[in-house]
């Protein structure tokens, strides 16, 4: 159902509030760059520091700005199952095409707890669900066998897998079958994961270079494997640079350096160190992005 080069879009702030104008402009930049889906309110969108009203506002704006041109997959996950159901219901009500559901952080549920959490959401709101596994942030790992159980539920259609393990990617495909969308959660593993059966990426780097990220996908599905491989290697330095500090601090700084948003992170995230800021600017110049 969902495939291609997708962006985990940043949330722009102005005077501490959601910058609606900038957010709408980012949507246009992404669509012009060939992005296949917009994912608001993910980790890169600083969902953890958005109020519920702001969370609703960001999804409302993105759905309206996209106007059906590409799918909108709204981040609605939480470590509170009831809260995630409420956020998911709102996303459906305003016209999102799907939702992205993070594994419950901090609680550290068992595999059965994870299964029951996602099952409850899937059965409460009739909208396509994409699971999101990123153990480095949540301290819990959604194993392939559990993903396989969840894939049997009609509304659960894919997973954003961010362990960077090709073994895990292969296990998920073996457990879930060809109809289940395996999406990379790491720009570094976008191309390699497609080689074992992945369907695309939910990308951080696409915030600043959407045409390069979409170019990898388009080349790959068009049978131009050498071209896709070349683009993959070309982007490695840029991708690495966007993780010199905790995401989304580097990418938001980069988008601001490109003149598309005002700089602004919410605590507990802090601005880049001067050394990292200088290095980021140097790399952006190398890629002719500023």
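The values are calculated or read from the model by the stated rules, or taken from the named source; none is laboratory data. This is a predicted model, so every value here is computed, not measured. Positions of Cβ are generated from backbone atoms using ideal geometry, with glycine treated the same way; all protein chains shown enter the neighbour counts.
Brief remarks on what is shown
- Residue within region 156-177 that is without any contact (Cβ under 8 Å) to a residue 12 or more places away in the chain, out of contact with any helix residue (DSSP H, G or I) (no Cβ under 8 Å at 6 or more places or on another chain) and surrounded by fewer than 24 Cβ atoms within 10 Å (Cβ to Cβ) present: yes
- For region 119-128, the criterion of being assigned to a loop (DSSP other than H, G, I, E, B) and closer than 29 Å to residue 237 by Cβ is satisfied by no residue at all.
- Extreme residue, farthest from the chain's Cα centre (by Cα), among residues of region 53-84 that are under 20 Å from residue 132 (Cα atoms) and surrounded by fewer than 18 Cβ atoms within 10 Å (Cβ to Cβ): 82
- Any hit, region 264-275, residues being part of a helix (DSSP H, G or I), modelled with pLDDT of 95 or more and surrounded by 13 or more Cβ atoms within 10 Å (Cβ to Cβ): no
- Candidate set from region 213-230 (those that are in contact with a helix residue (DSSP H, G or I) (Cβ under 7 Å, 6 or more places away or on another chain) and without any contact (Cβ under 8 Å) to a residue 24 or more places away in the chain); member that is farthest from residue 130 (Cα to Cα): 227
- Here residue 107 fits the description: at pLDDT below 95, over 24 Å from residue 210 (Cα atoms) and over 16 Å from the mean Cα position of the chain (by Cα).
- Test set (1) within 17 Å of residue 41 (Cα to Cα); (2) assigned to a helix (DSSP H, G or I) - residue 96 fails condition number: (2)
- One residue stands out among those in region 142-155 that are in contact with a strand residue (DSSP E or B) (Cβ under 7 Å, 6 or more places away or on another chain) and more than 11 Å from residue 173 (Cα to Cα): the one that is surrounded by the fewest Cβ atoms within 10 Å (Cβ to Cβ), which is 155.
- Strands (runs of 3 or more DSSP E) completely within region 155-242 that count 1 or more residues being farther than 24 Å from residue 289 by Cβ: 156-161, 181-184
Residues are listed down the side, and each one gets a yes or a no for (1) more than 23 Å from residue 84 (Cα to Cα); (2) crowded, with 22+ Cβ neighbours inside 10 Å:
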position	(1), (2)
129	no, yes
188	yes, no
202	no, yes
205	yes, yes
211	yes, no
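- Hits in region 14-31 (condition: in contact (Cβ under 8 Å) with a residue 40 or more places away in the chain and closer than 16 Å to residue 67 by Cβ): 20, 23, 24, 25, 26, 29, 30
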